[in-house]
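Here is the structure we will look at, set down as structure tokens.
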Amino acid sequence: MFIKKLTLVNFRNYEGETFAFSEGVNVLSGRNAQGKTNCAEAVFYLCTGASLRIRHDRQLIRHGESCASLRAEAESRYGSVVLEADVFENKRELRVNGSKVSRTADFIGNMNSVFFSPGELRLIQDGPDERRRFLNLSISQTSRAYCTALQRYNKILEQRNNLLKERDASLILETLPVWDEQLARYAAVIVRHRREFLSKLSPLAAEAHAYLTDGAETLTLGSDREYEGGEEEIAARLVRELGGAYERDIRLGFTTVGPHRDDIKISIDGTDARGYASQGQTRTAALSLKLAEVEIFKEISGEAPVLVLDDVMSELDLPRRKKLLSRVNGIQCILTCTHSERVLYGTETNKIRIQGGRIVP
């Protein structure tokens with residue numbers, strides 16, 4: 001899978017530019033704050049329907065404009081695909097091969113992408129929200145059922161939380177069981193997919209980490225909660241747990257049980273990476289997770305995703321830079337940096353220089 005052309009109009013600091021990418025390594029170079037990361041963000045947005053940098057799409061629109069447009073022409077094993085997104089102040093329109101789609105689940109997954117930047121260190125260092133977001137974005141790209149279940153789960157969860165804030169206790173206790181059944185049904189789908197994903201991710205991440213560290217460290221992953229059985233058993237367990245947490249949920253005003261509270265345990269040499277890993281260890285662990293994610297996409301879809309590496313090389317020492325370049329050989333990589341000559345070491349690339357939101361010679 002690879003992107004041939006990317007066109008941005010009034011997106012971030014781009015007035016209007018078209019990028020022509022090769023199937024191998026593409027290097028976006030230029031000084032800081034010129035638009036390199038904005039281009040990388042656009043690729044990820046067209047793959048996932050979401051941005052890793054902002055919460056509100058209107059922030060993607062160029063200052064002074066009312067709409068931003070993104071368009072990618074890509075090739076996959078299934079043929080050509082054109083993905084388009086028009087972002088307005090209070091809405092957006094998504095299209096696949098010219099046909100408008102109303103659901104994110106119908107847009108995501110047509111072109112897969114793995115994104116890594118220094119900000120991804122949050123995946124190791126920060127709270128469970130970051131790791132759940134990683135799971136949700138990754139699994140949704142390869143499973144429409146997961147994406148749909150996640151959206152419905154979040155909607156029901158919001159309604160259940162609103163109910164818990166009611167002052168009428170009898171109304172709450174009478175209505176909660178209805179929401180519990182629905183919530184548990186979609187939760188079971190989420191839990192099963194995450195369990196299967198982690199079972200694939202864990203050994204692949206361990207192997208990638210051993211490769212990057214020359215076997216000096218051992219990375220292990222696992223879920224902080226174990227769910228046994230199929231979806232019916234998982235749903236039944238969650239219904240019981242939701243029922244047993246009524247008093248606490250009512251007191252706190254939100255739902256304290258479910259996959260929206262689960263986490264991934266990440267350890268280096270048996271020690272919890274969060275709070276104990278050094279900056280270098282954290283960076284290598286996060287990169288290992290992303291390289292493992294690439295391998296999972298290969299396994300599930302039969303082809304590699306587009307790998308976006310935003311300002312990663314400057315954060316790695318020379319041996320790890322060379323190992324990373326060797327690892328991404330054979331897949332499309334979009335890499336941003338300030339000075340391409342310092343990070344590529346003779347690697348054949350398609351070089352694109354950016355200055356002030358424009359492509360320059």
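The values are calculated or read from the model by the stated rules, or taken from the named source; none is laboratory data. Here the structure is a predicted model, which means the values were calculated and not measured. Cβ atoms come from the backbone with ideal geometry, glycine included; neighbour counts cover every protein chain shown. For accessibility, only protein heavy atoms count, side chains too; no ligands or nucleic acids. Shrake-Rupley method; radii C 1.70, N 1.55, O 1.52, S 1.80 Å.
Assorted remarks:
Table: residues versus (1) under 30 Å from Glu231 (Cα atoms); (2) in contact (Cβ under 8 Å) with a residue 12 or more places away in the chain.
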residue	(1), (2)
Arg71	no, yes
Arg77	no, yes
Ser99	no, no
Phe107	yes, yes
Phe115	no, yes
Tyr146	yes, yes
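- Against the list (1) open to solvent by less than 10 Å² (accessible area, probe 1.4 Å); (2) under 18 Å from the mean Cα position of the chain (by Cα), the condition Ile54 fails is (1).
- Number of the exception - Gly229 against (1) open to solvent by 30 Å² or more (accessible area, probe 1.4 Å); (2) within 17 Å of Leu163 (Cβ to Cβ): (2)
- Unique residue being farther than 19 Å from Ser138 by Cβ and of a type in the set (A, V, I, L, M) when the list is Ala216, Ala273, Ala208: Ala216
- Hey, Ser288 more than 20 Å from Asn13 (Cβ to Cβ), surrounded by fewer than 22 Cβ atoms within 10 Å (Cβ to Cβ) and of a type in the set (S, T, N, Q) or not: no
- In the range 122-131, the residues that are touching an Asp or Glu at 6+ places or on another chain (Cβ under 7 Å) and more than 20 Å from Glu295 (Cβ to Cβ): Arg122, Pro128
- A count restricted to the range 105-121 and to residues that are over 12 Å from Leu46 (Cβ atoms), open to solvent by 30 Å² or more (accessible area, probe 1.4 Å) and out of contact with any Asp or Glu (no Cβ under 9 Å at 6 or more places or on another chain) stands at 1.
- Among the residues making up the range 334-361, a single one is among the small types (Gly, Ala, Ser), open to solvent by less than 40 Å² (accessible area, probe 1.4 Å) and at pLDDT below 90: Ser340.
- First in the range 311-333 and open to solvent by less than 20 Å² (accessible area, probe 1.4 Å) and assigned to a loop (DSSP other than H, G, I, E, B), second anywhere and acidic (Asp, Glu) and modelled with pLDDT of 85 or more, Cβ under 8 Å, 6 or more apart: Gln332/Glu23
- Screening the range 1-17 for residues that are more than 30 Å from Glu299 (Cβ to Cβ) and among the charged types (D, E, K, R) and picking the one that is surrounded by the most Cβ atoms within 10 Å (Cβ to Cβ) gives Arg12.
- Residues considered: Leu83, Leu94, Leu52. Of these, the only one that is closer than 28 Å to Arg122 by Cα and not β-branched (Val, Ile, Thr) is Leu52.
- Condition check for Glu293: under 30 Å from Ala184 (Cα atoms), acidic (Asp, Glu) and exposed (fewer than 15 other Cβ atoms within 10 Å of the Cβ): no
- Single residue of Ala74, Ala20, Ala33, Ala42 found to be modelled with pLDDT of 95 or more, surrounded by fewer than 19 Cβ atoms within 10 Å (Cβ to Cβ), closer than 30 Å to Lys322 by Cα and of a type outside the set (S, T, N, Q): Ala20
- Selection from the range 123-146 of residues that are in a helix (DSSP H, G or I) and hydroxyl-bearing (Ser, Thr, Tyr): Ser138, Ser140, Thr142, Tyr146
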